[in-house]
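The structure under discussion appears below in the form of structure tokens.
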Amino acid sequence: MEFFERFAIPHPSPMIYASMVAIGLTVIAIIAGLTYFKKWGYLWREWLTTVDHKKIGIMYIISALLMLFRGGADAVMMRLQTSVPDNTFLDAQHYNEVFTTHGVVMIIFMAMAFIIGLMNFIVPLQIGARDVAFPRLNAISFWLYFAGAMLFNISFVIGGSPDAGWTNYYPLANNEFSPSVGVNYYNWALQISGIGTLITGINFIATILKMRAPGMKLMKMPMFTWTALITNLIIVFAFPVLTVAILMGTLDRQFATNFFTTTAGGSDMMWANLFWFWGHPEVYILILPAFGIYSEIIATFSQRNLYGYKSMVGSIVIISTLSFLVWVHHFFTMGQGALTNSIFSITTMAIAVPTGIKIFNWLLTMWKGKIRFTVPMLYSVGFIPLFTIGGVTGVMLAMASADYQYHNTMFLVAHFHNTIIPGVVFAMIAGLTYWWPKMFGFMLNEKIGKWGFWFMTIGFCFAFFPMYITGLDGQARRMYTYSEASGFGPLNMLSFFGAGLMAISFIIIVYNIYYSFRYSPRNVGDDPWNARSLEWATHNPVPEYNFAIAPQVKSSEAFWDYKKNGHQLFKGDIKDIHMPNNSGQPIIMAGLFFIFGFSFVFYIWAGVIISGIGILACLVYRSFEKDDGHHIHVQEIKETEEKFGGAKK
Amino acid sequence: MKELFPIKQINGFVFSLLLTVVALSVYFMDMSYEWGMTILLITAFVQAGVQFVIFMHAGETKDRDVIFSTLFYGVFLALAAVFGSLLTLVWDMM
């Protein structure tokens, strides 16, 4: 019995017990449902063991939507708690756990997964490849991310949630001030999913550099692929820093070292320093692919080519470098002198220049274009003014001396939500709606989608604009309550109202998926949006091998030129296509990683050793495994092409 | 025979040994801390360059440009991290 005491929740509440029951019932329902409908074999063959970039992309997106629900529920709980003064819905400890979970889930397990999911699905299609460079590694990436996400998500019912903020600053995060296993969960969940992300980075750089269709020079790549390339470059250079910092934190907490302690030569400030050396590039890992998605959508629905392609590419390259040179602006108040703060103020403000160039390029793309206000376009058009407000308040925060006023207030919270929600969340929903027919062969309902957009946008304005004001009035972030005399009450109530609207918009979006799945017509054709780039040159939904004949590309808008200017995309005959085999090894290995992380969190050394040996065994097995893939033969390809309505010329 | 003899690699190996000897001299000779560190830093970076170019064939394929630009980008970011951290946490800490 003593063994199980460690799994108890240190700070329980009826809501957590209710969640435990709900989780248990859901798991039973899923298992029972799969057994009843005899879907285990289908699930295993078609999804769990797949190495197909399209299916992996879809699994990323489904996981991201689940995490969006989890993080969104946390957000609504926080806004509810602060909606009136001296509220007792959550106590201080629970509030800490909720905002920590919200931050980590939204950044690492929602936004990253959504972005990587869209990259997985779209990038190989946009460059005319059959799959990513290393399909098996791609599956490992996904399952490691999933293992990390699940490890993090069970923390609040087994052993207690992390409660030191998503930034996890030391000394707060050390054993003395965070005695529960929560921060261990944080460390291991981020470590495991971080390995997956790093592998994705390497995989996509190799894919984009090596597997482009004949004729597609770097400067002829579609803009989303360009942003994916730069994003993955940032991932490869930034994530090792997080890996090392988290390892040092783990050693501090679990093996009594002194990296981030305040005594014995440790430096707690070093954590903040390393965290943000990863953390700031991380922001651009999220926003750059979003910029790519907007570039695709705005060009398509303005029916014009993207204005200033070269300056767009130049901007993202400059942003990627500058993103590594600004990290100190996250802690202007830590005690360094005016010289340092001035340097980092200037580098921070400099980022506004390339970002501004991009904003103007989008505006000029729309200039004199034939604009169609579809759902993806609405999100893109809504993004431009809202994101600009976020950018301008960012420049306000970048002024170091003024930042002493804003630091750690709700002003900052308003600012970064003002960039991330119109920047990343809008882009993800826009991209999902835009590429939905590519993934599933039918369109999402436009009318319901527009309702979702308006609820989202208006809800966003109500939720976050009041925070600018309360922040300037001195409401600190992460405070679980405030007094009535402070006068923050009415604006916080408004904020809660906005959060409610956003929750409704999420429900509308999910309902739209259900509604369209049931009622949308399936005969949308291969090019429902009259689009421009290469991913639309194949069938809807995409066959396993993507393109029956590898396309020959002459421009960055290959598909548009094929439609309008008579470029020939597909020359030659259909040949046998070599494809990778499915494998159950990635999911097994990720399962072992999950056990490894879980055992480490609770200091169960037997579990650590056994799962560690298992992981090594998987690696050894893979090294000696002989897997040459398989061929799809000409006859089979021709039959598939006929079924989709004839081969593409 | 001349084509088969790896003269470039032999020269590189000799040069590499020479760099090691120079670096070792810091330990055996009596010199100031500043001089010692300068010699060590220079020999270390040249040594790394020799390894990349001669023994890891960094410049010999058509991926040359990608390899070198990634390498320099990495070095640049490492220097930014080290000197940025030094500036923030040591030199300019009040």
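I'm trying to understand the selection: among the residues of the range A:322-346, which are hydroxyl-bearing (Ser, Thr, Tyr) and crowded, with 20+ Cβ neighbours inside 10 Å?
Hits for the range A:322-346 are A:323, A:340, A:345.
Give the residues of the range A:492-510 that are touching a Ser or Thr at 6+ places or on another chain (Cβ under 8 Å) and buried (at least 18 other Cβ atoms within 10 Å of the Cβ), sorted by residue number.
A:492, A:495, A:496
For residue A:203, only one of the following conditions fails: (1) touching a Leu at 6+ places or on another chain (Cβ under 8 Å); (2) surrounded by fewer than 17 Cβ atoms within 10 Å (Cβ to Cβ). What is its number?
(2)
Free of Cβ contacts under 8 Å to residues at least 40 places away in the same chain, under 23 Å from residue A:608 (Cα atoms), in a loop (DSSP other than H, G, I, E, B) and more than 14 Å from every other protein chain (Cβ to nearest Cβ), is that true of residue A:257?
The answer is yes for residue A:257.
So residue A:208 ticks every box in (1) buried (at least 22 other Cβ atoms within 10 Å of the Cβ); (2) away from chain B (no Cβ under 14 Å) but one. Which box is left unticked?
(2)
When you go through (1) within 14 Å of chain B (Cβ to nearest Cβ); (2) crowded, with 21+ Cβ neighbours inside 10 Å; (3) closer than 27 Å to residue A:561 by Cβ one by one for residue A:317, which number turns out not to apply?
All conditions pass for residue A:317, except number (2).
Against the conditions (1) at the interface with chain B (Cβ under 10 Å from one of its Cβ atoms); (2) more than 26 Å from the chain's Cα centre (by Cα), where does residue A:304 fall short? Just the number, please.
Status for residue A:304: all satisfied but (1).
Of all residues in the range B:40-67 being of a type in the set (S, T, N, Q) and part of a helix (DSSP H, G or I), which is nearest to the other protein chains (Cβ to nearest Cβ)?
Taking the candidates together, the pick is B:51.
Can we say residue B:2 is within 14 Å of chain A (Cβ to nearest Cβ) and either among the polar types (S, T, N, Q) or assigned to a loop (DSSP other than H, G, I, E, B) (or both)?
Criteria not met by residue B:2.
Residues in the range B:46-82 that are closer than 23 Å to residue A:325 by Cα and of a type outside the set (Ser, Thr, Tyr): how many?
Within the range B:46-82, residues that are closer than 23 Å to residue A:325 by Cα and of a type outside the set (Ser, Thr, Tyr) number 14.
Kindly list the number of the only condition in (1) among the small types (Gly, Ala, Ser); (2) crowded, with 20+ Cβ neighbours inside 10 Å; (3) closer than 29 Å to residue A:360 by Cα that fails for residue A:245.
Going through (1) among the small types (Gly, Ala, Ser); (2) crowded, with 20+ Cβ neighbours inside 10 Å; (3) closer than 29 Å to residue A:360 by Cα one by one, residue A:245 breaks only (3).
Checking the structure you have, find out if any residue of the range A:239-250 is out of contact with any strand residue (DSSP E or B) (no Cβ under 7 Å at 6 or more places or on another chain), touching a residue at least 60 places away in the same chain (Cβ under 8 Å), within 13 Å of chain B (Cβ to nearest Cβ) and part of a helix (DSSP H, G or I).
So far as the range A:239-250 goes, no, none of its residues is out of contact with any strand residue (DSSP E or B) (no Cβ under 7 Å at 6 or more places or on another chain), touching a residue at least 60 places away in the same chain (Cβ under 8 Å), within 13 Å of chain B (Cβ to nearest Cβ) and part of a helix (DSSP H, G or I).
Within the range B:83-94, is even one residue modelled with pLDDT under 90 and more than 29 Å from residue A:326 (Cα to Cα)?
Scanning the range B:83-94, I find no residue that is modelled with pLDDT under 90 and more than 29 Å from residue A:326 (Cα to Cα), so the answer is no.
Can you say whether residue A:186 is surrounded by fewer than 24 Cβ atoms within 10 Å (Cβ to Cβ) and aromatic (Phe, Trp, Tyr), as far as the supplied structure shows?
no
Just the residues that are within 21 Å of the chain's Cα centre (by Cα), aromatic (Phe, Trp, Tyr) and more than 7 Å from chain B (Cβ to nearest Cβ), please, taken from the range A:322-337.
Of everything in the range A:322-337, just one residue is within 21 Å of the chain's Cα centre (by Cα), aromatic (Phe, Trp, Tyr) and more than 7 Å from chain B (Cβ to nearest Cβ), namely A:327.
I'm told residue A:216 meets every condition in (1) in a helix (DSSP H, G or I); (2) away from chain B (no Cβ under 14 Å); (3) crowded, with 22+ Cβ neighbours inside 10 Å except one. Can you identify the failing condition by its number?
The one condition residue A:216 does not meet is (1).
For the condition under 12 Å from residue A:57 (Cα atoms) and in a loop (DSSP other than H, G, I, E, B), what is the one hit in A:157, A:132? Write out each step before concluding.
Values: A:157 fails: under 12 Å from residue A:57 (Cα atoms).
Going through A:157, A:132 in turn, the sole match is A:132.
Please go through the range A:531-569 and give me each residue that is touching a Phe, Trp or Tyr at 6+ places or on another chain (Cβ under 8 Å) and of a type in the set (Phe, Trp, Tyr), ordered by number.
A:536, A:547, A:559
Under the condition of being crowded, with 21+ Cβ neighbours inside 10 Å and of a type in the set (Ser, Thr, Tyr), which residue from the range A:127-173 is nearest to the chain's Cα centre (by Cα)?
Top of the filtered list is A:145.
May I ask you to list pairs of residues, at least six apart or on different chains, whose Cβ atoms are under 7 Å apart, with the first in the range B:68-94 being more than 8 Å from chain A (Cβ to nearest Cβ) and the second being surrounded by 14 or more Cβ atoms within 10 Å (Cβ to Cβ) and part of a helix (DSSP H, G or I)?
As it stands, the answer is B:71/B:52, since those pairs meet every condition given.
The values are calculated or read from the model by the stated rules, or taken from the named source; none is laboratory data. Please read these numbers as outputs of a predicted model, since none were measured by experiment. For neighbour counting, all protein chains shown are included, and Cβ atoms are generated from backbone atoms with ideal geometry for every residue, glycine included.
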